[in-house]
Ligand SMILES: Nc1ncnc2c1ncn2[C@@H]1O[C@H](COP(=O)(O)OP(=O)(O)OP(=O)(O)O)[C@@H](O)[C@H]1O
Ligand SMILES: [Mg+2]
């Protein structure tokens, strides 16, 4: 008996923490700060979100614009990142020549490239897509590289002992073994891609979630700011979880491989 | 005798720079779009001579170091307790996880509204980003400790202090360093974003200044400086990783 | 029954070490294996047994010497699937089911129907019919090695190369697998080169036991196993078995001492 009461108390801790946090936030906003340009109550934020979703419905164009850029950037990053990662894993020469540039591009805070890209391409869709692309290409590329290199050590011998042709070696061994790594790369790329979206829209756009946040920040419109940030967080979590599910579906054997 | 790898890397860099210089000189009428490396270098020199370079570089570095070092202390401390005590993890996790999943760019406006456009807000941005990453990773490291080691600790009758400092923390060290590595990259982005939004000094400020005045050599200098800072901090972290957790294979990037 | 199936002549493998003397893994290995013979190689750890099998299988070129299969010299260029390799680790492809793993070497060499028939036949031979659609991670270690064996046998190789296939199994499973291998060999009569650290395993399974020297490895001595087939575990108490085990153990002990003690292996 004692134990089960204790168990209930334990499982309640998380909801209690969330609830009391929200209450504290509300109290802080309405009784302590009391300044709508500094902090607003979560109730106000929820009301604003409801309004933007169901009454004025003015969140959707932003959501649509941002999703579109995001998707294009991700697809481009996959199409470019995976082959380069593979090439680097399969050819030491390619790796050695590409490596210094990759490291430079990868370790530089991505936002540094945004003004340069805007300078070259102007404020249009292509520039934004490229900024998103730069954000998410590296996790994809690096994971493809590692995936391919890990398998090339473990399983290539098996393929060679069965005298598979180069094509079969790639299709039957290298590619399937890299799939979970590529998907893991995509999963990591979601967050960076969203940051890319925010940066891109922030620099020059008239719609999109990044624009919404930037605009709300400039005009000290805290309810909209909170809603924008929340939508970003939700998109990030959804994208991440979606890719988790895809990973599990695409490679039921993955856990075994990754544990080793 | 340089290794083949290094030789190829150097060849690749010099060839790239030479190509860039030649192409920009031959093909482009004005230097607005892509200044040749030589004029980027000249601008770098000029910025250094006027003391501007020092000012902005030091501002960013200062913000970064302050935020990062406090984040290490707080992150490890909280992460440790999150890993050890389930109730604490339950209380903290919803908030930390939420903070973690908000893109860097999205919460910077808040920090600026709350803490102003000075250095404090940037220190807080760096702090928040790094602390969260270190916290989550430290907690994971403490949770994932091999139970055999805990039994070993018990059978050797280690006291709680020894248990913490000789078994649990060393076991979690690779995770902690991973948290730091993840934190550095995102924090660098965060500090630049914050400076870009509202600041009166720092590399982010310089970036904005250069792009608003269409001063492309200056823009490229800033990008170069940021690349240098990125690679520098990355190399440092990698070195630290090898020193702190030499039993672990470190990531190449 | 003319010449040997496999013959190694003065086979040597060395790998370059930056700036220094090349590192000799094995040196002047001479060996010939008859049709249907089961040969085991034992030797101290690190003496180059795995490397020898890999060279024989054409996974890496020899530094010098020749390999003859059915009297024809094998060169690096030939690409025929004439040997089956059972690797030291499980080495099953985790994204393929049991059946698809066994099919790996058959795809594209036989029609789909024939290939599947053959694969099922060999799965049945190793006692795993009913597990066609299991993934490797759903199988025990012993089952995984059965699949591994079926995969190598399925291509109907001239020679089966086995590199410590049972090393990762627990003692009981290992004994069962030894008996299974005896049965399967009896049914297929393959020519086998089998590498192991376990002297009793080598004697139980083989027609001939080869003892390798410490690195650089070469054939130190060889012993025919004078025990009749089909065999069962009972032969382990046969005095000839026990004597042979002792003799081989003495030799390995000497090799280990010559290498500087077992702590240096
Ligand atoms: N490609 C290589 N380059 C350098 N050294 C190698 C290479 N391949 C093998 N070696 C070395 O050759 C020696 C023999 O290796 P091998 O794996 O063939 O030994 P083994 O007899 O199978 O050992 P074990 O019984 O432990 O499996 C080892 O010292 C190994 O480090
Ligand atoms: Mg071996």
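Scanning segment C:122-155 for residues that are free of Cβ contacts under 8 Å to residues at least 24 places away in the same chain and under 20 Å from residue C:189 (Cα atoms) yields a count of 1. Could we say that residue C:26 is within 16 Å of ligand 1 (Cβ to nearest atom), part of a strand (DSSP E or B), within 9 Å of chain A (Cβ to nearest Cβ) and touching a helix residue (DSSP H, G or I) at 6+ places or on another chain (Cβ under 7 Å) here? No; evaluated as a whole, the condition is false for this residue. Residues that are surrounded by 13 or more Cβ atoms within 10 Å (Cβ to Cβ) and free of Cβ contacts under 8 Å to residues at least 24 places away in the same chain within segment B:165-184 comprise B:166, B:167, B:170, listed in sequence order. One residue stands out in segment A:105-128 among those that are over 21 Å from the mean Cα position of the chain (by Cα) and within 7 Å of chain B (Cβ to nearest Cβ): the one that is surrounded by the most Cβ atoms within 10 Å (Cβ to Cβ), namely A:115.
If only residues of segment C:46-61 that are under 18 Å from the mean Cα position of the chain (by Cα) and assigned to a loop (DSSP other than H, G, I, E, B) are counted, the one that is farthest from ligand 2 (Cβ to nearest atom) is C:58. Screening residue C:62 on (1) under 20 Å from residue C:164 (Cα atoms); (2) within 16 Å of ligand 1 (Cβ to nearest atom); (3) touching a helix residue (DSSP H, G or I) at 6+ places or on another chain (Cβ under 7 Å) shows it passes everything except condition (1). The residues of segment C:92-114 that are under 13 Å from residue C:150 (Cβ atoms) and in contact with a helix residue (DSSP H, G or I) (Cβ under 7 Å, 6 or more places away or on another chain), listed by number, are C:92, C:98, C:99, C:101, C:102, C:103, C:104, C:105, C:106.
Each residue in segment A:201-211 was checked for being surrounded by 24 or more Cβ atoms within 10 Å (Cβ to Cβ) and facing chain B (nearest Cβ under 10 Å), and 4 pass. Checking C:43, C:19, C:36, C:65 one by one, the residue that is farther than 18 Å from residue C:3 by Cβ and more than 16 Å from ligand 2 (Cβ to nearest atom) is C:19 and no other. Cβ separations smaller than 9 Å between residues 6+ apart or across chains give the following pairs from segment C:46-58 residues that are without any contact (Cβ under 8 Å) to a residue 12 or more places away in the chain to residues that are surrounded by fewer than 20 Cβ atoms within 10 Å (Cβ to Cβ): C:54/A:157; C:54/C:60.
A single member of C:46, C:36, C:19 is within 12 Å of ligand 1 (Cβ to nearest atom) and away from chain A (no Cβ under 14 Å), and it is C:46.
Within the set B:194, B:210, B:198, the sole residue that is within 25 Å of residue B:106 (Cα to Cα) and modelled with pLDDT under 85 turns out to be B:198.
The listed residues are B:243, B:239, B:154, and the only one of them that is in a helix (DSSP H, G or I) and over 30 Å from residue A:139 (Cβ atoms) turns out to be B:154.
Residue check: is residue B:35 within 14 Å of chain A (Cβ to nearest Cβ), surrounded by 20 or more Cβ atoms within 10 Å (Cβ to Cβ) and assigned to a helix (DSSP H, G or I)? When the stated conditions are applied, residue B:35 does not pass them. Under the condition of being without any contact (Cβ under 8 Å) to a residue 12 or more places away in the chain and surrounded by 16 or more Cβ atoms within 10 Å (Cβ to Cβ), the residues counted in segment B:226-246 number 2. What are the residue pairs meeting all of these: first residue in segment A:77-104, first residue within 11 Å of chain B (Cβ to nearest Cβ) and modelled with pLDDT under 90, second residue surrounded by fewer than 18 Cβ atoms within 10 Å (Cβ to Cβ) and assigned to a helix (DSSP H, G or I), Cβ atoms under 6 Å, and 6 or more apart or on different chains? Here the result reads A:94/A:87; A:96/B:5; A:97/B:12; A:100/B:12; A:100/B:13, each pair linking segment A:77-104 to a residue that is surrounded by fewer than 18 Cβ atoms within 10 Å (Cβ to Cβ) and assigned to a helix (DSSP H, G or I). What's the total number of residues in segment C:136-172 that are over 15 Å from residue C:101 (Cβ atoms), more than 16 Å from ligand 1 (Cβ to nearest atom) and touching a strand residue (DSSP E or B) at 6+ places or on another chain (Cβ under 7 Å)? Residues meeting the conditions: 4. Within segment B:188-210, being more than 9 Å from chain A (Cβ to nearest Cβ) and assigned to a helix (DSSP H, G or I) holds for B:194, B:195, B:205, B:206, B:209. Could you count how many residues in segment C:1-16 are in a strand (DSSP E or B) and more than 16 Å from ligand 2 (Cβ to nearest atom)? Going through segment C:1-16 one residue at a time, the tally reaches 8. Tell me whether segment C:145-156 contains one or more residues that are more than 13 Å from the chain's Cα centre (by Cα), surrounded by fewer than 21 Cβ atoms within 10 Å (Cβ to Cβ) and either under 26 Å from residue C:48 (Cα atoms) or within 16 Å of ligand 2 (Cβ to nearest atom) (or both). So far as segment C:145-156 goes, no, none of its residues is more than 13 Å from the chain's Cα centre (by Cα), surrounded by fewer than 21 Cβ atoms within 10 Å (Cβ to Cβ) and either under 26 Å from residue C:48 (Cα atoms) or within 16 Å of ligand 2 (Cβ to nearest atom) (or both).
Considered as a group, the residues in segment C:183-198 that are away from ligand 2 (no atom under 16 Å from the Cβ) and within 18 Å of residue C:41 (Cβ to Cβ) include one that is farthest from the other protein chains (Cβ to nearest Cβ), and that residue is C:185. The set of residues in segment B:157-187 that are under 17 Å from residue B:142 (Cβ atoms) and either in contact with a strand residue (DSSP E or B) (Cβ under 8 Å, 6 or more places away or on another chain) or not in a helix (DSSP H, G or I) (or both) contains only B:158.
Scanning segment C:66-104 for residues that are in contact (Cβ under 8 Å) with a residue 40 or more places away in the chain and either within 16 Å of ligand 1 (Cβ to nearest atom) or assigned to a helix (DSSP H, G or I) (or both) yields C:85, C:86, C:87, C:88, C:89, C:90, C:91, C:98, C:101, C:102, C:103. No other residue among B:138, B:178, B:235 is within 18 Å of the chain's Cα centre (by Cα), under 22 Å from residue A:188 (Cβ atoms) and more than 14 Å from chain A (Cβ to nearest Cβ) apart from B:138.
The values are calculated or read from the model by the stated rules, or taken from the named source; none is laboratory data. Keep in mind that what you see is a predicted model, and the values were worked out from it rather than measured. Positions of Cβ are generated from backbone atoms using ideal geometry, with glycine treated the same way; all protein chains shown enter the neighbour counts.
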